[in-house]
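Participant: Supplied in structure tokens, the structure appears directly below.
Coordinate-derived values only; no laboratory data. Computed from a predicted structure; not experimentally measured. Cβ: placed from backbone, ideal geometry, glycine included. Neighbour counts: every protein chain shown.
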Amino acid sequence: MPSFVDTTVKDIDGRLRELRDELSRLEAARAALDGGPRRPGRPRGTTNRTNGSRATRTRTARRPSTARPTRATRRGGNTRAAQTLALVRERPGITIPQIAEAMKIQPNYLYRVLPRLASEGQVKRDGQGWHPAS
């Protein structure tokens with residue numbers, strides 16, 4: 001005849017299995033309602049930097065990691081940088097606002113592109129204007 005302790009341990013083990021199953025189901029339900037497990041990034045409830053309002057983001061389905069495009073693929077082969085370089089070569093001394101106007105884009109993007117082109121040795125800055133490096 002099994003002892004009281006053995007019976008109690010078996011009962012506790014059985015109950016723990018039930019609770020683990022329940023926990024798994026509850027976590028799955030919460031993830032479905034909440035949009036999945038939290039990923040690194042800005043914590044919920046922080047303010048949006050542009051207008052001071054609460055940041056509200058909707059969750060979107062993510063592709064499997066094996067199907068995610070590389071940065072070069074997303075960027076489209078560095079087309080904006082190539083366009084910028086062509087404009088600088090055509091019009092030496094051109095400024096960022098002038099480049100943005102010619103390309104019909106916002107100038108803030110060019111404040112990232114042109115220093116990168118300069119670090120690659122393709123352009124150089126002279127005052128406010130940009131010149132081909134060669």
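Participant: Provide the gained length on full extension for the span Arg116 to Ser3, in nm with one decimal, where the gain is 0.36 nm per separating residue minus the Cα-Cα distance.
Facilitator: 33.1 nm
Participant: What FRET efficiency comes out for Thr79 versus Leu33 if R0 is 35 angstrom and r is the Cβ-Cβ distance? Round to the nearest 0.05.
Facilitator: With R0 = 35 Å, the Cβ-Cβ based efficiency is 0.30.
Participant: Then there's this: Once the Cβ-Cβ distance between Glu90 and Leu19 is put in as r, and R0 is 41 Å, what FRET efficiency do you end up with, to the nearest 0.05?
Facilitator: 0.05
Participant: Mind jotting down the three principal axis lengths of the stretch 90-134 based on Cα atoms? Whole angstrom, largest first.
Facilitator: Its Cα atoms span 26, 19, 17 Å along the three principal axes.
Participant: To the nearest 0.05, what FRET efficiency results for Ser134 and Tyr109 with a Förster distance of 25 Å applied to their C-beta separation?
Facilitator: Calculated value: 0.55.
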